[in-house]
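Remarks on the structure that follows.
The values are calculated or read from the model by the stated rules, or taken from the named source; none is laboratory data. Predicted, not measured: the structure shown is a model, and the values here were computed from it. Please note: Cβ atoms are built from the backbone with ideal geometry, for glycine as well, and neighbour counts cover all protein chains shown. Heads up: the accessible areas ignore ligands, DNA and RNA and are worked out on the full protein's heavy atoms, side chains in. Shrake-Rupley method; radii C 1.70, N 1.55, O 1.52, S 1.80 Å.
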Amino acid sequence: MSEKVVKKGNEAICEAAIRAGCRFFSGYPITPQTTATEYLSWRMPEAGGVFVQAESEVSAINMVAGSAMAGTRAMTATSGPGLSLMTETLSVMAGTRLPAVIVNIQRAGAGIGAITGNQSDFYMVTKTLGHGGLTGLVYGPESIQESIDIMYESWDLAEKYRTPVIIMTDGVMGQMMEQVEMPDYKEAPDLSDQPYVAGKRKDGRKKHLIMDSPYFGPMPTQNDNLEYNYAEYEKVYESWEENEVRYEEYMMEDAEYLIVAWGTSARVAKTAIRHLREQGIKVGLFRPITLVPFPKKQLQAIDKNKIKGILTVEMSVPSQFHNEVVHYIDKDIKVEKYRRGGGNMVLDEEIEECVKKML
Amino acid sequence: MAKVEIDVNYCKGCGLCFGVCPKNILKASEDVNAKGYNYAEQIDAEKCTACKLCAIMCPDAAISVYK
Amino acid sequence: MECIYTKSKALSAVPTSFCPGCMHGTAIKLIAEVSEELGIENDLVVVAPIGCAVFMGAFVEFDSFGSPHGRPGATGTGFKRSNPDVPLILYQGDGDCASIGLAETMHAANRGENFTVVMINNQVYGMTGGQAAPTTLPGQKTTTSPAGRAIEGTGYPIRLAELIAELKAPKYVTRQSLHTPKNVLAAKKAIKKALEIQINEGGYSFVELMSACPTNWKIDPKDAPKYMEDVVLKEFPVGDLKG
Amino acid sequence: MENTYLLAGFGGQGVQTLGQLLTYAATDAEKYATYLPAYGGEMRGGTSNCTVKISDEPIGSPAARSYNYVVVMNLPSYNAFKGKVKEGGTLFVNSDLITDAQADEGVKLVEVPLMEMAKEAGSPVVTNVVMFGLLCAYAGDIDLDVAKGTMLQKMAHKEKFIPVNTKAFELGVAKGQEAK
């Protein structure tokens, strides 16, 4: 680990990608993502990789897929409207089981919406990647440092499970600056023998027929094989629930009230919790770090004899994360929500007020 | 001496080879192959000059030419 | 007797699933033959996107990968930039290349990506059952232009090769046809030239191949070549456009 | 101890640079700091503002409802943000552009002839360096020697800029100490 430096969120997560061995980036400028594309336009070639400014997000994600099929650690970054355009290929990548990393620097609302930070792509990314019901690993870091750390290991996970990885930051985290420590450089592995990689064929290797729909297998028909192979995919997803769930419990040991939040909302909630604790109110935070797999068991285990009330905090109107959380919470625990939309941030003072109302 | 060999399993009986044969010695068979196509067959084999035009035209790579 | 012509070893040991008289088979056969002649049959990679082109991977011995409909210009760019030494063919239909993927096609051409596009132009959407394509001829009946393609409202057939030839970056742009043995040989020469450019000096090449879709044209395969000669090639003249 | 700053002005007054300078300097002074810019779709014109937090502890929220220190460098910013000062906090106004400024009850008003001071330092563009020195001296979050070092490292890549920036910083420090 090197010394602390001050970095803008978008630049920091891109630098972490370079250090993780990413050597291909394609993107299309969109606020609040642009500083990521600008940064990698010079940083990627400097690191010996390829940068392409694509003609659209549609192209950008397809270039990433192409590079992944060349055995390269490839990524893109975008924001909501761009992610909408990418969903077709996210579906294809989930079907092909292609490892690649997509950063969604969320902005607010539907359509053009607003260009400031928000958490309103939660459903879109966690429910399924495009059409077809397949999924990928989805992370929701709360700080620039955590987004660096997650980015740094994202391809290791993507390659281990052969899956796209989505990292959900937002306009706040992308544009702000704070102190971070950058990890050392690491080498990407040689992926040329992987079944999803074409070209660089060694003597005697059989051809790779890389398809987004796994028609081949032990079954008599294509449909049966598709079903069979998707069931195999499902086992992989289920293994994530056992092995890859990540979350943080902050000041939860003696907590009587709980805030449940992710990403930027969670870090704001931490300030509120500190202030509330100073006033003698025992509040803690449960923070999902993985959005897929979602920490269902951990939420289900919240003890109704200990916790008097829960407040969910998110930057999305209508609520999304709240609805997901409520689903897993013991029905005897009262769950309230505080959320801001339209690109407005949640504020610690307002969280404090909401918690006090629950007392 | 020349001959063409038509792979009955590959031929779909499209007949694109018929019209390009300068000796007009390719035609559809009476029989059908496993897929139900009246595959192409050569008549008057002795007239074949191994010009390859039929094989070049064949979309299904069903024709081999010998000389 | 000596065998002077047979199936290329770069073709898989299964018959194609294309309809009788479909010239996808011809184009794939030519690509296989050229790969053998250039000694790249173990190196060549093909992109086989949505449309009947998607089947190609199953019928060749090359590595191949799929692409969402219209996106080979982008997937190919990502692949080739990361694997600059691997020869690459984007094997696309006209709906894929000239309609849904027009942006990807034009921008890849404009960047001068170092790969070869082979576009099969049969003037219809084949896989989905013969709907109108941007290449459909004026007055041509399809399942979505039952009264014949009307210029008013649907425009004129897009001559993609001409559009691409207008760009500065492409090194070689040509339109060939697969309707006679002579044209097939010329098409093969064009594919070979395009790959040689890609391998030797580097640069974008575009080979449009006029093909028949007898099933959706509702025409006897045997009659397709004459129709192509008399009608189709009037709208889409063959020949080199650039390079 | 955690201090919050809201810095606002028109584009070109360097408020984003000022916010970043505070963040860099706080880092050099081994404190925690966050900088959060407000951004719009337009590239030029309009007001520009950002939020800075400096703390002895890791920082949760990078934003706040109200701030210890609010700097408004033009009239639209004054109108938009004069009510954003915490009770007991301070409102700094650029008195060259904002006359008759008034602060809410419980808020201290510091009027700074920023443009005049910048000119005195030798360049009209160093208003943000003046303000940087002023805030460092006034708030006491950052050791002044450390702050000066950070400023020179970030702002004076060319030797000829060193005297102007140094003068601007020192004028700001003097004003900050006087206003305390």
Checklist outcome for this item: Selection over region B:1-24 where residues are facing chain C (nearest Cβ under 7 Å) and closer than 19 Å to residue C:219 by Cβ yields a count of 8
Next on the checklist: For region B:25-34, which positions are of a type outside the set (A, V, I, L, M, F, W, C) and either within 8 Å of another protein chain (Cβ to nearest Cβ) or over 28 Å from residue C:228 (Cα atoms) (or both)?
Outcome noted: B:30, B:31, B:33
Checklist entry - Hey, does region C:141-161 have a residue that's under 27 Å from residue A:65 (Cα atoms) and either out of contact with any strand residue (DSSP E or B) (no Cβ under 6 Å at 6 or more places or on another chain) or surrounded by fewer than 24 Cβ atoms within 10 Å (Cβ to Cβ) (or both)? => result yes
Next on the checklist: over 13 Å from residue C:26 (Cα atoms) and within 17 Å of the chain's Cα centre (by Cα): which single residue out of C:168, C:188, C:192 fits that description?
Outcome noted: C:192
Item to check | Pairs with Cβ under 9 Å, 6+ apart, first in region C:135-161 and part of a helix (DSSP H, G or I), second loosely packed, with under 13 Cβ neighbours inside 10 Å | outcome: C:151/C:139
Item to check | Elements of type strands (runs of 3 or more DSSP E) contained in region C:56-130, each with 3 or more residues being within 14 Å of the chain's Cα centre (by Cα) | outcome: C:88-93, C:116-121
Next on the checklist: Within region A:4-21, does at least one residue satisfy the condition of being over 16 Å from residue A:177 (Cα atoms), open to solvent by 10 Å² or more (accessible area, probe 1.4 Å), more than 14 Å from chain C (Cβ to nearest Cβ) and without any contact (Cβ under 8 Å) to a residue 40 or more places away in the chain?
Outcome noted: no
Next on the checklist: For region B:10-67, give me each residue that is among the aliphatic types (A, V, I, L, M) and touching a residue at least 60 places away in the same chain (Cβ under 8 Å).
Outcome noted: B:65
Checklist entry - Only one of these conditions is not met by residue A:84: (1) polar (S, T, N, Q); (2) under 27 Å from residue D:20 (Cβ atoms); (3) more than 14 Å from chain C (Cβ to nearest Cβ); (4) open to solvent by 20 Å² or more (accessible area, probe 1.4 Å). Which number is it? => result (2)
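Can you report the number of residues in region A:323-339 which are farther than 22 Å from residue A:138 by Cα and either open to solvent by 50 Å² or more (accessible area, probe 1.4 Å) or more than 14 Å from chain D (Cβ to nearest Cβ) (or both)?
8
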Checklist entry - What are the residues in region A:276-322 that are open to solvent by less than 70 Å² (accessible area, probe 1.4 Å) and assigned to a helix (DSSP H, G or I), if any? => result A:276, A:277, A:296, A:298, A:299, A:321, A:322
Item to check | Within region B:35-61, considering residues that are more than 10 Å from chain C (Cβ to nearest Cβ) and outside any loop (DSSP other than H, G, I, E, B), the one most open to solvent (accessible area, probe 1.4 Å) | outcome: B:46
Checklist entry - Applying the selection to region A:233-258, what residues are away from every other protein chain (no Cβ under 14 Å), within 30 Å of residue A:133 (Cβ to Cβ) and either open to solvent by less than 10 Å² (accessible area, probe 1.4 Å) or among the charged types (D, E, K, R) (or both)? => result A:234, A:235, A:238, A:240, A:241, A:242, A:244, A:246
Checklist entry - Any idea which of (1) outside any loop (DSSP other than H, G, I, E, B); (2) open to solvent by 50 Å² or more (accessible area, probe 1.4 Å) is the one residue A:202 doesn't satisfy? => result (1)
Next on the checklist: Can you tell me which residue is surrounded by the most Cβ atoms within 10 Å (Cβ to Cβ) among those in region A:110-159 that are in contact with a Leu (Cβ under 8 Å, 6 or more places away or on another chain) and of a type in the set (Asp, Glu)?
Outcome noted: A:121
Checklist entry - What are the residues in region A:135-150 that are within 14 Å of residue A:20 (Cβ to Cβ) and of a type in the set (Val, Ile, Thr), if any? => result A:148, A:150
Item to check | Filtered residues of region C:177-219 (kept if among the acidic types (Asp, Glu), touching a helix residue (DSSP H, G or I) at 6+ places or on another chain (Cβ under 9 Å) and free of Cβ contacts under 8 Å to residues at least 40 places away in the same chain) | outcome: none
Next on the checklist: Go through region A:97-109 and report how many residues are open to solvent by 10 Å² or more (accessible area, probe 1.4 Å) and at pLDDT 95 or above.
Outcome noted: 2
Item to check | Options A:261, A:272: the member that is open to solvent by less than 50 Å² (accessible area, probe 1.4 Å), in contact with a Cys (Cβ under 9 Å, 6 or more places away or on another chain) and touching a residue at least 40 places away in the same chain (Cβ under 8 Å) | outcome: A:272
